[in-house]
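Structure record follows, encoded as structure tokens.
A short reminder: the numbers here are calculations on the coordinates, not readings from a lab. Keep in mind that what you see is a predicted model, and the values were worked out from it rather than measured. A quick note on method: Cβ atoms are made from the backbone with ideal geometry, for glycine too, and the neighbour counts reach across all protein chains shown.
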Amino acid sequence: MLLWSLLDFPSQPAVRKIIHVDCDCFYAAIEMRDDPRLRGRPLAVGGDADKRGVVATCNYEARAFGVRSAMASAYARKLCPDLLIVPPRMAAYREASQAIQAIFTQFTQLIQPLSLDEAYLDVTASESCHGSATLMAREIRRLVQADQGITVSAGVAPNKFLAKIASDWNKPDGLKVILPEEVEEFVRRLPVERLHGVGRVTAARLKSLGVDVCAELLPWRKQDLAREFGSFGERLWQLARGIDDRPLVVESKRQSVSVENTYDQDLPDLQACLNALAPLLEKLAQRLGRLEGEYRVSKPFIKLKFHDFTQTTLEQAGAPVTPEGYRELCIQAFARGGRPVRLIGVGVRLDHAHSLLGEQLNLF
Amino acid sequence: MQFTIQREALLKPLQLVAGVVERRQTLPVLSNVLLVVDGNTLSLTGTDLEVELVGRIQLDEPAEAGEITVPARKLMDICKSLPDDVAITLKVEDNKAVIKAGRSRFTLATLPASDFPNVEEGPGSMTFQVNQNKLRRLIERTSFAMAQQDVRYYLNGMLLEINKGQLRAVATDGHRMAMCTLDADIDYQERYQLIVPRKGILELARLLGEADDMVSIVLGTHHIRATTGDFTFTSKLVDGKFPDYERVLPRGGDKIVLADRQVLRNAFSRTAILSNEKYRGIRLMLSDSLLKIQANNPEQEEAEEDIAVDYNGSALEIGFNVSYLLDVMNVLSNEQVKMILSDANSSALVQESETDDSVYVVMPMRL
């Protein structure tokens, strides 16, 4: 072959092998592991129903009654009167998560944790299990079960988007593999609401355009999707073809720090909300003080959830990160609802000043 | 309420007062300027609840006493758009401000003066006078180093310190620090520190003139007030603990570089063009009598410049954010600048070679 043809047509990069690992009802699984009496009965981890708590996660027995994560505990109790709600033990969950992460490192260093209970692994270059991603996923599931006494589901695919869908396919305690040659057929039958980034609103718009599954997106040209959905249109075009080039973000940076509180009694008016800011800001300051690495605040934000569960978030670049700044944001946010408030959150969006192109040293 | 005034007499104080007023306000009255006619004095007040500025103008023509608030920005834009030598009459009729000038007529919405907030002051614990020109120089030489949006909110302002008859200003954003000291006739021997918020400092600097007139300063527990002939400026203070700036001043740097400030500034400006737009890193390579400045960017473009300097220490390569160095070069005024360095990971001390009332500390970058 001529030299110029080699230069002009570089060989296609090898197909990637991505595993998405997701612990099954993680917090609840740890609770059932540590207290066998909790097994076999509807269980949720979260806040007290009497104090307006929220379900963080629940086991499959509770899910059978319609209980879901992020549901108000009081409502979950209505759906399932026998539901046992236990408070979260974050230290125990963190410990288990670290042990699971350590298992991942036996297979690859390219790990992108998404939370305590799920992560992406790029095993393209891994030589474990003769380089078979399927065998690695099986082995990871076996090791987690043996080491931590909980089950995990895994998805294996050529990219992150498909691996995440695959891990959910055979939950709980399941494994789904999508081989490169199966991608096209698999995606064709995929309902559009399963696409990464397609929420209720976008799904409804797609349905109104006669698009229920990805196959119905294929005739659409990229520019037409861009006209309909803006910058997300191009992403839709790619996802409908099973294309997702996003690399794993191995060293992820914190995007924000926040603190929120749900109040036992609704805060009736603006003044009550303003009075509630001080303890929240104190907690926020403590969290910011614990931040490692070099972060800069890009803007403060506030979140209010009104008594009817509608919520608003207001952030403002240039607003001062001071009690006065948050007071101003609170006044503006409250004006959007003008109703009693059940939850207030305060936080900051962060920028990070580290870069391969130079790290600025600090004076103090 | 009614008064008549020449455009020029109204415009300058109005521009200063309107500078304090924020455009985007939650309380509508904070977008307004308070106008008060008392005898033959018109006073204009603007505030954002943190900073307040009151300007006073002597009226030449008889006026009708009263008070009202009108939109600051609109009033200023109207005045700016009118011809130079026109007389402006403002009269309040039916809760509207009617402005007449020549053949122009404007009607502005108003809000009652009773809605206009006061910046709470409290008693003053110290009063002194200082030359306006010197105070302005003190601020201009240091304010660039204040942080803008730092979590450590006490850095989003300037430390003013009174100690042994001297007034010192210190500003830092955690990466660089600026400090300037002036001898002031302040009869106070203890150390007294306060932090003025960023906006307060910048507005105070705008207010201070070039002349040698005095400005009277009152320091309170929670506020600072500055009064010149025609203006009274009040700002709340930042409640926080400023870092121990003396601990940050580098000691024992053994590499002393003397260079022509303009030559250095121009070289920094040129090499900055090809530094990374976001991180602005440049390399300084020191050897006998030579400073090589180098910059490159992700597009693999490169700039390099050699400058003759007075230096005879050991070789050193050190990285800096070029913007930080340029900020210092831009506020210095002497022909020669002195840089004291020790190693690639330690801060640099920059000052004018003849005077030492201004000191600048810049932390390097790892490149």
Problem set entry | Fraction of beta bridges assigned by DSSP in segment A:23-178 that are antiparallel (%, nearest 5) | 60
Problem set entry | Computed FRET value (nearest 0.05) for B:Thr4 with B:Asn118, which takes r as the C-beta separation and R₀ as 25 Å | 0.35
For this session: Only Cα pairs under 8 Å and at least 6 apart count here; give the relative contact order of segment B:2-115 as a rounded whole percent.
Result: 30
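Please give the calculated 222 nm ellipticity per residue for chain A, where each DSSP H segment of at least 4 residues contributes -39500 (n - 2.57) and the sum is spread over every residue; nearest 500 deg cm²/dmol?
The helix contribution divided over chain A gives -11000 deg cm²/dmol.
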Seminar exercise, completed: Partner shielding of B:319-331, taken as the mean number of other chain Cβ atoms within 10 Å, equals 1
Problem set entry | Dipole magnitude of the protein assembly as shown, debye to nearest 20 (Cβ charges: Lys/Arg +1, Asp/Glu -1, about Cα centre) | 2560
Problem set entry | Dipole axis of the protein assembly as shown (+1 Lys, Arg; -1 Asp, Glu on Cβ), positive-most option in A:Leu209, A:Trp237, B:Asn156 | A:Leu209
Problem set entry | Alpha-carbon centroid distance for the pair segment A:160-194 / segment A:199-259, whole angstrom | 16
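Taking the Cβ-Cβ separation of B:Glu61 and B:Lys12 as r and a Förster radius of 22 Å, what is the calculated FRET efficiency to the nearest 0.05? Mind dumping the intermediate values first?
On the way: r = 19 Å, r/R0 = 0.85.
Computed FRET efficiency for B:Glu61 and B:Lys12: 0.70.
For segment A:189-239, what's the relative contact order in percent, using C-alpha pairs closer than 8 Å and at least 6 residues apart?
Working: 42 pairs, mean separation 15.7, N = 51.
Once divided by the residue count of segment A:189-239, the mean separation gives 31 percent.
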Exercise. In terms of modelled amide H atoms, which long-range or inter-chain residues lie less than 5 Å from the amide H of B:Tyr188?
Worked result: B:Gly165
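If you count, for every residue in B:152-159, the Cβ atoms of partner chains within 10 Å of its Cβ, what is the mean? Please report the intermediate quantities before stating the final value.
On the way: counts 6, 8, 1, 0, 4, 0, 0, 0.
Averaged over the peptide's residues, the number is 2.
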Exercise. Hey, what do the phi angles of segment B:76-85 turn into as Karplus ³J(HN,Hα) couplings, whole Hz, using 6.51/-1.76/1.60 and θ = phi - 60°, x for Gly and Pro?
Worked result: 5, 5, 5, 4, 5, 7, 7, x, 3, 9
For this session: For A:Thr310 and A:Glu139, compute 0.36 nm times the residue count separating them, minus their Cα-Cα distance, and round to one decimal in nm.
Result: 57.1 nm
For this session: Output ³J(HN,Hα) for segment B:190-203: one whole-Hz value per residue in order, computed from phi by the Karplus curve 6.51 cos²θ - 1.76 cosθ + 1.60 with θ = phi - 60°, and x for Gly and Pro.
Result: 6, 8, 10, 10, 8, 10, 9, x, 3, 5, x, 5, 5, 5
Problem set entry | Distance from segment B:299-324 to segment B:11-74 (C-alpha centre basis), Å | 50
Seminar exercise, completed: For A:Gly46, the residues 5 or more places away or on another chain with a placed amide H closer than 5 Å to its own amide H are A:Ala56, A:Val86
For this session: Using label points projected 7 Å from each Cα along Cα→Cβ, tell me how many nm separate A:Met90 and A:Val15, to one decimal.
Result: 4.2
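Divide by every residue of chain B the summed helix terms, -39500 (n - 2.57) for each DSSP H run of at least 4, and state the resulting mean residue ellipticity at 222 nm, rounded to the nearest 500 deg cm²/dmol. Before the final figure, lay out the partial values.
Numbers: 7 runs with 69 residues, N = 367.
-5500 deg cm²/dmol, from helical runs alone.
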For this session: Return a whole-number percent for the relative contact order of chain A, with Cα pairs under 8 Å and 6 or more residues apart as the contact set.
Result: 13
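Fully extended, how many nm does the chain gain between A:Gln106 and A:Arg188 (0.36 nm per residue separation, minus their Cα-Cα distance)?
Details: separation 82, 0.36 × 82 = 29.52 nm, distance 3.48 nm.
Answer, rounded to one decimal: 26.0 nm.
Partner chain Cβ atoms within 10 Å, averaged over the residues of B:43-54 - can you pull that number for me?
On the way: counts 0, 0, 0, 0, 0, 2, 3, 3, 0, 0, 0, 0.
Neighbouring Cβ atoms belonging to other protein chains average 1 per residue here.
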Problem set entry | nm² value of the averaged projected area, convex hull over the Cα atoms of chain A | 24.1
Seminar exercise, completed: Highest GNM mean-square fluctuation among B:Tyr154, B:Tyr324, B:Tyr192, for chain B with Cα springs under 10 Å, belongs to B:Tyr192
For this session: Would you calculate the separation in nanometres between label points at A:Trp169 and B:Lys164, each defined as 7 Å from the Cα along the Cα-to-beta-carbon direction?
Result: 7.8
Problem set entry | Built amide H within the under 5 Å cut-off of B:Val33, gap 5+ | B:Val70, B:Ala72
Exercise. Tell me, what HN-Hα J-couplings in whole Hz come from the Karplus equation 6.51 cos²θ - 1.76 cosθ + 1.60 at θ = phi - 60° for each residue of segment A:256-266, using x for Gly and Pro?
Worked result: 7, 10, 8, 9, 9, 9, 9, 8, 4, 10, 3
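Which of the pairs A:Lys283/B:Lys241; B:Lys255/B:Lys338; B:Lys134/B:Lys199; B:Lys134/B:Lys164; A:Lys303/B:Lys236 have their Cα atoms more than 22 Å apart in this structure?
Numbers: A:Lys283/B:Lys241 19 Å; B:Lys255/B:Lys338 10 Å; B:Lys134/B:Lys199 20 Å; B:Lys134/B:Lys164 18 Å; A:Lys303/B:Lys236 27 Å.
Table pairs above 22 Å Cα-Cα are A:Lys303/B:Lys236.
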Seminar exercise, completed: Whole-Å distance linking the alpha carbon centroid of segment B:122-168 with that of segment B:240-261 is 19
Problem set entry | Degrees between helix B:261-272 axis and first principal axis of chain B (Cα, 0 to 90, nearest 10) | 90
Exercise. How far apart, in nm, are the 7 Å Cα→Cβ label points at B:Arg270 and B:Met126?
Worked result: 4.7
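Please compute one quarter of the surface area of the Cα convex hull for segment B:249-362 and express it in square nanometres. Can you show the working numbers first?
On the way: hull surface 26.4 nm².
For the Cα atoms of segment B:249-362, the hull's average projected area reads 6.6 nm².
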For this session: Sort B:Val309, A:Val249, A:Val341, B:Val86 so the one with the fewest other Cβ atoms within 10 Å of its own Cβ comes first.
Result: A:Val249, B:Val86, B:Val309, A:Val341
Seminar exercise, completed: Taking the dipole of chain B about the Cα centre (Lys, Arg +1; Asp, Glu -1; charges at Cβ), the one of B:Leu316, B:Ala63, B:Thr127 that reaches farthest to the positive side is B:Ala63
